[in-house]
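The values are calculated or read from the model by the stated rules, or taken from the named source; none is laboratory data. Predicted, not measured: the structure shown is a model, and the values here were computed from it. When we count neighbours, we look across all protein chains shown, and the Cβ atoms used for this are built from the backbone with ideal geometry, even at glycine. Calculation scope for accessible area: heavy atoms of the full protein, side chains included, ligands and nucleic acids excluded. Shrake-Rupley method; radii C 1.70, N 1.55, O 1.52, S 1.80 Å.
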Amino acid sequence: MGWILPKLSGFAAIILIVGGIILTTKRSENVQQISATEKTEINKNMTSGLLILFIGTLGYIGYSAFPKVSNADGFKAFLPQTIEMLVMGTIFGISMLIKNKTNPFKQITSYKNIITGFLFGFGALFYLISTRLNGVATGFTLSQLCVVISTVGGIVVLHEHKTKREMIYIAVGLSLVIIGGIMISFIHA
């Protein structure tokens, strides 16, 4: 019977985090007419985007769960995962070269993104260590708090324009995410 409260609290915390993330993406209503051709293009892009998202989600599930299944800690799992990301990035680049006749290996932005990749690598290493120490469910959920940094960073560093209403949604959403993260950390403690 003592397991019910932590499970309900964990479920509530996840709902708060997901709800908060949804609020941070809410846009003010803009009345804009789009043509049938633009709608077709949007639907086509949406379909291919969802397919890529699905494949990426499968990879991320494996990325999170396989180290736990094999009882490998973050340090042991880090090198194989890094090699896999390098291989998949290269395959993606080659597919872009074949499909779009665009060579990402000759574009300066590809090499600038190496810095982002290194920063992601550090975050991934600490995420793997966290899942080892806290379990996959808690470690993954706490990793979603990165939405706070990325949202604020997008507004402050990248100067994303937000309306007053959007800023209210963002403030409420980030508050919910933080509350959910705190709830998850207390459940695990």
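Odds and ends about this structure:
- Check on Asn71, in a helix (DSSP H, G or I), among the polar types (S, T, N, Q) and without any contact (Cβ under 8 Å) to a residue 12 or more places away in the chain: no
- Of all the numbered requirements in (1) of a type in the set (Ser, Thr, Tyr); (2) over 27 Å from Lys26 (Cβ atoms); (3) open to solvent by 80 Å² or more (accessible area, probe 1.4 Å), Thr116 misses one, and that requirement is (2).
- Within the range 135-176, considering residues that are in contact (Cβ under 8 Å) with a residue 60 or more places away in the chain and β-branched (Val, Ile, Thr), the one surrounded by the fewest Cβ atoms within 10 Å (Cβ to Cβ): Thr163
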